[in-house]
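**Q** Below: one structure in structure tokens.
The values are calculated or read from the model by the stated rules, or taken from the named source; none is laboratory data. Remember, it's a predicted structure, so these values are computed and weren't measured experimentally. Neighbour counts run over all protein chains shown; Cβ positions are idealised from the backbone, glycine included. Note: accessible area is taken over every heavy atom of the protein model, side chains too, but ligands, DNA and RNA are not part of it. Shrake-Rupley method; radii C 1.70, N 1.55, O 1.52, S 1.80 Å.
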Amino acid sequence: MASSSSSGLTFKLHPLVIVNISDHYTRVKSQTNGCSDGGPPSPPPRVYGCVIGVQRGRTVEIFNSFELLYDPVTHSLDRAFIEKKQELYKKVFPHFYILGWYSTGSDAEESDMQIHKALMDINESPVYVLLNPSINPAQKDLPVTIYESELHVIDGIPQLIFVCSSYTIETVEAERISVDHVAHLKPSDGGSAATQLAAHLTGIHSAIKMLNSRIRVLHHYLVAMQKGEIPCENSLLRQVSSLLRRLPAIESEKFQDDFLMLLPGYENSIRIIKSFSTDGFDFQIYLQEYNDTLLIAYLAMFTNCSSTMNELVDKFNTAYDRHSRRGGRTAFI
């Protein structure tokens with residue numbers, strides 16, 4: 001492998017590509033570890049995918065990536081899958097085309113050249129983006145290397161070899177916002193992501209436990225009111241009735257078993273409300289008001305979603321105005 005490329009190309013790499021490769025590797029590694037039978041630890045998996053973008057003259061800009069279906073036994077790619085993905089991307093981003101491929105590992109391997117050659121019928125000079133997933137606290141640079149292929153004569157035999165190429169990180173406004181959000185998700189106390197997730201789930205569990213305890217207190221209060229142990233309070237009964245009307249309008253038996261019957265004697269609570277109703281309890285009117293309340297809640301939810309979508313469209317139009325499109329900048333999704 002030569003030390004550096006002599007092609008003179010300028011590579012610009014967008015953060016979305018690095019995030020996609022890292023996410024791909026994390027998912028595959030998690031699935032691999034989950035399927036282990038307690039034997040010796042398996043070697044780190046390798047993932048494969050294509051990188052897409054545009055090339056303007058001597059500048060190659062890598063915008064996005066997608067996963068590849070690769071058979072490590074036969075060292076073959078699913079050509080139909082690549083063609084289908086390329087066709088779908090062309091419909092949304094007509095200027096994007098496949099620039100090369102990516103993988104994970106500490107260094108390029110000999111078997112990588114077979115995949116590289118297999119993509120030469122799509123791009124005559126594909127690029128190879130390699131992400132090193134191992135953690136090195138002493139390393140300051142990004143663990144990403146971009147390789148090109150060059151034809152060199154070795155021992156009188158012409159051979160294709162990988163050569164390193166320099167690159168720069170290119171971002172647009174939407175990417176900067178996303179990367180900043182991801183950066184803030186990192187635990188600030190030096191703990192692992194699992195520790196942060198455990199703390200989050202513990203908080204949710206505590207909230208659910210508190211809600212359950214308060215519902216039990218309310219249920220015991222209604223039972224005591226029915227037995228005459230405490231005086232009847234119509235204002236409290238109206239509040240309980242209003243709370244029950246906010247429940248989702250789902251009539252399946254499974255939902256009632258899983259959601260409505262959280263506490264023993266739930267039906268008894270309904271009977272308590274009926275028994276204290278001086279004008280009688282018309283269940284049809286109850287259901288009608290119940291459904292009207294749900295309808296208002298659903299309309300409010302749709303209105304909120306529409307408002308949020310309008311704000312997103314306005315921000316998108318601001319980030320990608322006509323001037324940026326005339327300049328050749330392609331929208332980031």
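**Q** Top to bottom by accessible area (1.4 Å), largest first, where do Lys85, Lys90 land?
**A** Numbers: Lys85 55, Lys90 80 Å².
The most accessible residue leads, giving Lys90, Lys85.
**Q** How much net charge surrounds Arg79 when only other residues with a Cβ under 12 Å from its Cβ are counted (Lys, Arg +1; Asp, Glu -1)? Please list the in-between numbers first.
**A** Values: positive: Lys84, Lys85; negative: Asp71, Asp78, Glu83, Asp121.
My count for the surroundings of Arg79 gives -2.
**Q** Still on this model: Accessible area per residue of region 1-154 at 1.4 Å probe, in Å²?
**A** On the way: 8420 Å² over 154 residues.
Accessible surface, normalised per residue, equals 55 Å².
**Q** To continue, here is another question. I need the peptides 217-223, 123-129 ranked by packing, meaning the mean over residues of other C-beta atoms within 10 angstrom, with the highest value on top. Walk me through the intermediate numbers first.
**A** Working: 217-223: 15.6, 123-129: 18.6.
In descending order of packing, they fall as 123-129, 217-223.
**Q** Please report the net charge: other residues with Cβ closer than 14 Å to the Cβ of Ser111, K and R +1, D and E -1.
**A** Numbers: positive: Arg46, Lys117; negative: Asp71, Asp107, Glu109, Glu110, Asp112.
Surrounding charge for Ser111 is -3.
**Q** Can you give me the % of accessible surface on region 63-166 that is carbon or sulfur? Probe 1.4 Å, all protein chains present, nothing else counted.
**A** Values: 3140 of 5820 Å².
In region 63-166, the share of accessible area belonging to carbon and sulfur is 54 percent.
**Q** On average over all directions, what projected area in square nanometres does region 75-165 have, based on the convex hull of its Cα atoms? Don't skip to the end; give the middle numbers.
**A** Working: hull surface 31.8 nm².
Here the figure is 7.9 nm², rounded to one decimal.
**Q** Taking the mean number of other Cβ atoms within 10 Å as a proxy for protection, how do you rank 147-158, 202-213, 21-32 from highest to lowest?
**A** Ranked by mean Cβ neighbours within 10 Å, highest first: 21-32, 147-158, 202-213.
**Q** Set the bar at 23 Å for Cα to Cα. Now go through Lys12/Lys315; Lys12/Lys90; Lys84/Lys117 and name every pair that lies beyond it.
**A** Details: Lys12/Lys315 25 Å; Lys12/Lys90 21 Å; Lys84/Lys117 20 Å.
As for pairs spanning more than 23 Å Cα to Cα, those are Lys12/Lys315.
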